[in-house]
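The values are calculated or read from the model by the stated rules, or taken from the named source; none is laboratory data. Bear in mind that the values here come from a model prediction, so they are computed numbers and not experimental data. Note that each Cβ is placed from the backbone with ideal geometry, even for glycine, and that neighbours are counted across all protein chains shown. Only protein heavy atoms, including side chains, enter the accessible area calculation; ligands, DNA and RNA are left aside. Shrake-Rupley method; radii C 1.70, N 1.55, O 1.52, S 1.80 Å.
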Amino acid sequence: MPLQEAGQCVTGPVQGIILLACPACSAAGLSGTRAPFLSGDSLSLLLPGCSPKGFPKLKNDTFLRAARGEETEYTPVWCMRQAGRYLPEFRETRAAQDFFATCRSPKVCCELTLQPLRRFPLDAAIIFSDILVVPQALGMDVVMAPGKGPTFPEPLKEVEDLLKLRQKVDVTAELGYVFQAITLTRHSLEGKVPLIGFSGAPWTLMSYMIEGGGSTTMAKAKSWLYRHPDASHRLLRLLADVITDYLVGQVAAGAQALQLFESHAGHLGPEQFQDFALPYIRDIARDVKSKLKAEALPLVPMIVFAKDAHYALGDLACAGYEVVGLDWTIRPQEARAQVGKDITLQGNLDPCALYSPKEKIGELVKKMLEGFGTQRYIANLGHGLYPDMSPEHVGAFVEAVHAHSRHVNKHS
């Protein structure tokens, strides 16, 4: 098969081998390696300046149809942290490798992203990465401390520390490894399901950058909102601008949907959320869509997940996102009443429900589907999968969503 010119992607039937010839791919550890394809009948050649062209045709668009509010044959399902430590193959792949070194390896990120798709009939993949790559792009050091989680050796303590951050970020230079992972994974999926890209939202990233890691109170970060509101807004604006470019870059690389994680929304009251979170969430949706249009890129569906922000569901429904994600602490009927009929909902089974026997998981899924209905709905958990969960129970959850929603649709 003849190669196309540099800067193009090509696919063809050559025994599931992947060849990558450009210096960037070689530096990423990808050159001449075998790709973790779902099936071994494609050749992807990623050459310099690789752009989202020549991707395999999408075979299952159920997730995207639901996100856009179109009718679906069944309810699509995926899980936050579906590529995670609950899978033995994930633990084997990541053994003895630094977490952020893993994030910087497109080859390994691709493999980890595909692993749950080999086990379960999920309706979407989400690229393996981490929300804290954005603070790293701003110049902050982040390490994954064993038994402690993500840690910033030098967190932001004073307003003057904002001067240490990069004020202009070239996302291609700083986060190009994520874009490479997305392009590689999009080809390697062979059109089986859509690929979701993501980022943390400004307030959530700000809280990590000030707290220096996780926190039960977010007292240091929240104190900035009260003591240094102007500086807080400067930081949030900087983050929003970088996140916007980062998400646009993910679509340019091949992402077919985007999720914004405002994981720490629950630490804010309604007034603080209105002042320090919601405006930036809105701006990101508006600016991403504007730039996608200006660059003639696909206007992909966008999802916002603001954990524990029940008080803001109505506002989030008007923030420019096609999908609003829910945690497990709100009833589906209440959420639907707040967001209206023109927004797709996503969620919201309690992750701990997967510790139940498989039969109970099926009952809980049936009840969840009765609450949400099978249309304008994407099934998910109310948060991510936990490391000690059984893969078999995750599979039972996925199968139950498909089976019950098909039954409801058939008899409605």
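Some notes on this structure:
- Point-charge dipole on Cβ atoms (K/R +1, D/E -1) for the range 312-412, about Cα centre, debye to 20: 400
- Of the Cα atoms belonging to the range 185-269, the radius of gyration and Dmax stand at 15.8, 51 Å.
- The packing ranking, built from the mean of other Cβ atoms within 10 Å per residue, places the peptides 212-221, 359-368, 186-195 in the order 186-195, 359-368, 212-221, highest first.
- Unit charges at the beta carbon, dipole of the chain: most positive-side option, Val323, Phe63, Ala240: Phe63
- Here the spin labels are modelled as points 7 Å beyond Cα on the Cα-Cβ line, and at His411 and Ala145 they lie 5.4 nm apart.
- Taken about its Cα centre, the chain carries a charge dipole of roughly 520 debye when the Cβ of each Lys and Arg holds +1 and the Cβ of each Asp and Glu holds -1.
- Length-normalised contact order for the chain - Cα pairs under 8 Å, 6+ apart - percent: 18
- Accessible surface, per residue, of the range 326-412 when the full set of protein chains is kept, probe 1.4 Å, Å²: 47
- Computed accessible area, His383, all protein chains, 1.4 angstrom probe, square angstrom: 40
- Pairs beyond 27 Å (Cα-Cα), from Lys367/Lys410; Lys192/Lys341; Lys164/Lys293; Lys59/Lys360: Lys192/Lys341; Lys164/Lys293; Lys59/Lys360
- Sorted peptide list for 248-257, 89-98, criterion being average Cβ within 10 angstrom, highest first: 248-257, 89-98
- Placing dummy labels 7 Å off each Cα toward the beta-carbon, the span from Lys360 to His233 is 5.0 nm.
- Ordering Gly362, Phe99, Ala337 by Cα displacement along the dipole of the chain toward the positive end leaves Gly362 in first place; charges were set at the Cβ atoms of Lys, Arg (+1) and Asp, Glu (-1).
- Spin-label pair Lys220/Trp328, simplified geometry with 7 Å Cα→Cβ offset, distance in nm: 3.0
- Area of Arg118 that stays accessible when all protein chains are in place (1.4 Å probe, Å², to 10): 110
- When you restrict to C-alpha pairs under 8 Å that are six or more residues apart and normalise by the size of the range 339-412, the relative contact order lands at 43 percent.
- In sequence order, calculated HN-Hα J values of the range 275-283 (Karplus, 6.51, -1.76, 1.60; Hz; x Gly/Pro): 8, 10, 10, 4, x, 7, 4, 5, 4
- Mean Cβ count within 10 Å, highest first, over the residues of peptides 100-113, 143-156, 289-302: 100-113, 289-302, 143-156
- Ordering Tyr208, Thr185, Val143 by the projection of their Cα atoms onto the charge dipole of the range 101-222, which places +1 on the Cβ of Lys and Arg and -1 on the Cβ of Asp and Glu, puts Thr185 at the extreme positive end.
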